[in-house]
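All remarks here apply to the structure that follows.
The values are calculated or read from the model by the stated rules, or taken from the named source; none is laboratory data. What you are looking at is a predicted structure, and each value in this text was computed from that prediction instead of being measured. With ideal geometry, Cβ positions are generated from the backbone for all residues, glycine too; neighbour counts draw on all protein chains shown. These area figures cover heavy atoms from the full protein model, side chains too; ligands, DNA and RNA do not enter into them. Shrake-Rupley method; radii C 1.70, N 1.55, O 1.52, S 1.80 Å.
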Amino acid sequence: MIAFFCAWLRRFFVVDEARLRARVYLHEGLDLEAAVIFWSGVTGIPSDQFHRPYRAVPDVSLRVTKHEHGCAYVRYACARTHRQIMGLVRALLSSTDPSGVAQLAARRPVKP
């Protein structure tokens, strides 16, 4: 999903790469540098544009397995792009015509 978001953002909007930021959520005891390198490769965001990571204290009573590279959070701060995205969202939500997907979902299967 993170790679898709970054690709979608870069494909449909003019992106100032210097404004892209990322942050890693990683359990203590796991390799932070390896996680940043991994997420930098996935997102295409240079590692120097990663903010301070969140290091979670592991709780052994909840689960044993942990994500080796943690979870990533990507942020893009640009008022112009924000207005364009929100305009797109408003247009999609204000449409009164039923979408093809909604029509397919409402259609009964041939063999129930």
How many of the residues in the stretch 1-24 are open to solvent by 80 Å² or more (accessible area, probe 1.4 Å), outside any helix (DSSP H, G or I) and either at pLDDT 95 or above or not β-branched (Val, Ile, Thr) (or both)?
2
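Counting only residues that are of a type in the set (Phe, Trp, Tyr) and either open to solvent by 50 Å² or more (accessible area, probe 1.4 Å) or modelled with pLDDT under 90 (or both), how many does the stretch 46-101 have? Can you show your working first?
Initial filter on the stretch 46-101 (of a type in the set (Phe, Trp, Tyr)): 50, 54, 73, 76.
From the residues that got through so far, the ones that are either open to solvent by 50 Å² or more (accessible area, probe 1.4 Å) or modelled with pLDDT under 90 (or both) too are 54, 73.
Qualifying residue count for the region: 2.
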Taking the stretch 25-57 and keeping only residues that are touching a residue at least 12 places away in the same chain (Cβ under 8 Å) and assigned to a helix (DSSP H, G or I), one is left with 32, 34, 35, 36, 38, 39, 40, 42, 43, 49
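Can you tell me which residue within the stretch 25-45, out of those that are closer than 19 Å to residue 9 by Cβ and hydrophobic (A, V, I, L, M, F, W, C), is surrounded by the fewest Cβ atoms within 10 Å (Cβ to Cβ)? Let's see the steps before the verdict.
From the stretch 25-45, those closer than 19 Å to residue 9 by Cβ are 39-45; that's our starting set.
Subset that is hydrophobic (A, V, I, L, M, F, W, C): 39, 42, 45.
Details: 39: 25, 42: 15, 45: 22.
Looking at residues that are closer than 19 Å to residue 9 by Cβ and hydrophobic (A, V, I, L, M, F, W, C), I get 42.
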